[in-house]
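Inspection log for the structure reproduced underneath, given as C-alpha cells.
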Amino acid sequence: MTYVLTLIGNKATPLASAHVEAARAALPAPGPARWLAEAMACDIHFDGDAKTAEAAARAALKDAKIDLAVQPAEGRRKRLLIADMDSTIIQQECIDELAAEIGIKKQISEITERAMRGEIEFEPALRERVGLLKGLPLEALEKVYRERITVMPGAKALVATMRADGHACALVSGGFTFFTERVAHAVGFNTNQANRLIFADGKLTGGVAEPILGRQAKLDALIHLREELGLKRHETLAVGDGANDLAMIGEAGLGVAYHAKPVVAEAAGARIDHGDLTALLYLQGYREDEIRD
C-alpha cells in the first residue's frame, strides 16, 4: 500500500527544506516532496510499513516543533467533520470562563483538567461543576461569550473549505448549547449539539438537563451522521483534545488529537501539537490555494 507522510509547520517554526529532507531520508522508497504550502506543509509518498515509517520520521526530526502524520494515500479528502468545541474550535473551556465570573475558576478548572485527562468520569464532573455555578445570571453567560470566547486559529478556514467542497461539518460538544449555537453560527458549522443548562428566573439552577452528553453521545453523533449521509468510515474526520473525544476519534476514518491531553494524543491516529486547525486541511491534501477564508 502507498502511504503519505504529511509534514506541517507553523508560524513559530516554518517548515524548511532541511526538515523535509531529513524526514524523506528516513522513509522506505520515498517519492519526491510535494509542497502544499510554502514553508508550511509538504507531502511525501512512500511504500512500506506506516508505523515504522512514522516513528523513523519523528526520530529524524527529533525536537523540531513540526507536526507530522502518516495515512493511506487514497481517500484522504473527508466528507464529514465532527469537531469538539472547547479548546478545539474555541481557545477556552467555557465552563472555566463562567467560573471566573464568580471567582472560582481555579476550583472548576482543576476538575475540568482531570476530566479531560480521563482521570475522573466526565458526567459526574460536569454535574459537580454546573452545581457550583448556581445563581449565575444569563447576562453573565452573554458577557463571557462576548468578551472571553475566541475562535481557534484556522477554525473558520477549516470549516469554510470543507463546506465549499460540499462536505458536512458538525460541532459536537460536552459543553453547553448556549455556546455551541453561537460558535457554530460564527464559524459556519451545519449543525451543533451539546448539554442544556437549566435556568429559572434568568439564573442558573445549578442543574443540567439529562442525559449528559459526553463520550458516548459524541460517538453516536458521528455514527448517526455518517449513516444519514451514506458515508463510509474512511470518509469521516473527528478532532478533539480531551478524554471524552476518544471514542469519536477512534471511530473516524481520520481521528485527530488537537493540542490534546497525553491520553488522547497517544491514542489518536494523528496528532497536531504545534500548528493551527488548517493542519487538518493539509492532512487531507488540500493546497494553500484551495483553502477558503
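Scanning the stretch 73-119 for residues that are crowded, with 17+ Cβ neighbours inside 10 Å, at pLDDT below 95 and in a loop (DSSP other than H, G, I, E, B) gives a single hit, G118. The set of residues in the stretch 122-135 that are surrounded by 22 or more Cβ atoms within 10 Å (Cβ to Cβ) and more than 19 Å from E110 (Cα to Cα) is empty.
Does any residue in the stretch 16-39 that is within 19 Å of A279 (Cα to Cα) come within less than 9 Å, Cβ to Cβ, of a residue that is of a type in the set (S, T, Y) and surrounded by fewer than 19 Cβ atoms within 10 Å (Cβ to Cβ) six or more places away or on a different chain, and which pairs are these? Short answer, once both residue conditions are applied: H19/T13; A33/S17. Only residues that are within 26 Å of A243 (Cβ to Cβ), in a helix (DSSP H, G or I) and of a type in the set (G, A, S) were counted in the stretch 145-191, giving 2.
The values are calculated or read from the model by the stated rules, or taken from the named source; none is laboratory data. Worth saying up front: this structure is predicted, and the values here are computed from it rather than measured. We place every Cβ from the backbone using ideal geometry, glycine too, and count neighbours over all the protein chains shown.
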